[in-house]
Amino acid sequence: MIGYEDVLAYWKGKKIRNAADLDEAVNWQAVNLAYNSTKIEEPTVSYADTREIFEHGRVVGYTGDIKALFALQNAKRGWELFMSCFDERRPFDEKLVKDFHYVLTAGTYDERRFMRGERPGEYKHGDYVTGRHEAGALPEDVEEEMRELLEDMQDIPEEKALTAAAFFHAKFENIHAFADGNGRCGRLLMNYFLVLKDHPVISIDVEERNRYMEALEAWDEKQELEPLKEFLKEQTVRTWEKHVLKRS
C-alpha cells in the first residue's frame, strides 16, 4: 500500500528546480487540479470543458453557465501564474495572495458584490457568510489578520511543510479575506506553498467535498488542525498513487 511518505519521496526524487521541471512533473494533473478545485465552488463545470480550456484555450459550442466558463478560463490563467511565480520563486506574501485572487476571479463577481464596491484582488469591504457557523473576519480586521498569517508562514522548514500548508489553508478560509473565490484561491496558494517547499501538489477530489468541509469546520469550531492535515495526506496519496506505482 502506498503512503504519504512514499509519495513525498517520489516527488523529491524528481528534483524539481524550475517551471519546466514542475510542468513535466505535474503534466496532466494540472487539469485535474483545476477541475476539482473549480467544481467545488462551481458545480456545473465538467472535466471535458476544463480539458478543452487547458488544451485549446476555449470551449466550442459552450451552452453552460457563463460564470463557470469564466472560472475555468481563470483557472488556466491561475495555473500559468502559478508556474511563472515558481520559476521566479516569488515570496509567499500579500501581493502574491492578491495577484492569485485577481487572476482566479476576474469577471466572476456578481452585480450585487460589484455594486457593494467589491473587486477581484482586493480584500472584502462587507461581511459574507462562510461555513456553517462562521462569517469570517470583519472587513476592518482582514488586513491585519492576513499580515499575521503570512508572517507565520515565513521560514518554515521543509519537514513541517504539510502542517504549515494545512494551517494556512484552514486559517485563510476562516479569515475569508475576499468577497468571493476564497476556496479556489486558498487551494492554489496552499499548493504554491507546498511546491516551494519541495512537496507534491494536492488535488482535492470534488467527490470528497463533504469530508473536506468537515475538516475545515474542525478548525473553525475547535481550532483542531489534525483532521485537515490527515485529509490532505489522504488526498495527496490519491492524487499521486498511480504515478508512484508505475515507478515501483
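Overview of results
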item	result
Descending semi-axes in Å of the stretch 107-211, equivalent ellipsoid built from Cα gyration tensor	25, 16, 13
Net length gained if the chain between M1 and T44 were fully extended (0.36 nm per residue, minus Cα distance)	12.0 nm
Rounded FRET efficiency, nearest 0.05, which uses the C-beta distance separating D23 from D155 and R0 of 30 Å	0.60
Of the DSSP H helices in the chain, those whose Cα atoms cover at least 27 Å axially and whose Kyte score averages -1.0 or more	66-88
Debye log10 I(q)/I(0) at q = 0.18, 0.22, 0.24 Å⁻¹ for the stretch 175-248, Cα point scatterers	-0.82, -1.15, -1.29
Gain upon complete extension [T163, K246; 0.36 nm per residue less C-alpha separation]	27.1 nm
Dipole of the chain [Lys/Arg +1, Asp/Glu -1 at C-beta], most positive-end residue of H169, Y192, P157	Y192
Rounded FRET efficiency, nearest 0.05, which uses the C-beta distance separating L138 from I66 and R0 of 30 Å	0.40
Computed helical MRE - 222 nm, the chain, DSSP H runs ≥ 4 contributing -39500 (n - 2.57), nearest 500	-20500 deg cm²/dmol
The stretch 220-243 and the stretch 36-94: distance between their alpha carbon centers, rounded to Å	23 Å
Lysines whose Cα lies under 21 Å from that of K95, excluding same-chain neighbours fewer than 8 positions away	K76, K124, K171, K197
The chain - convex hull of the alpha-carbon atoms, volume per residue in Å³	123 Å³
D93-Q223 pseudo-label distance in nm [points 7 Å out on the Cα-to-Cβ vector]	2.9 nm
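The numbers here are math on the coordinates, done by the rules we state, and not lab data. Computed from a predicted model, the values in this text were never measured in an experiment. Note that each Cβ is placed from the backbone with ideal geometry, even for glycine, and that neighbours are counted across all protein chains shown.
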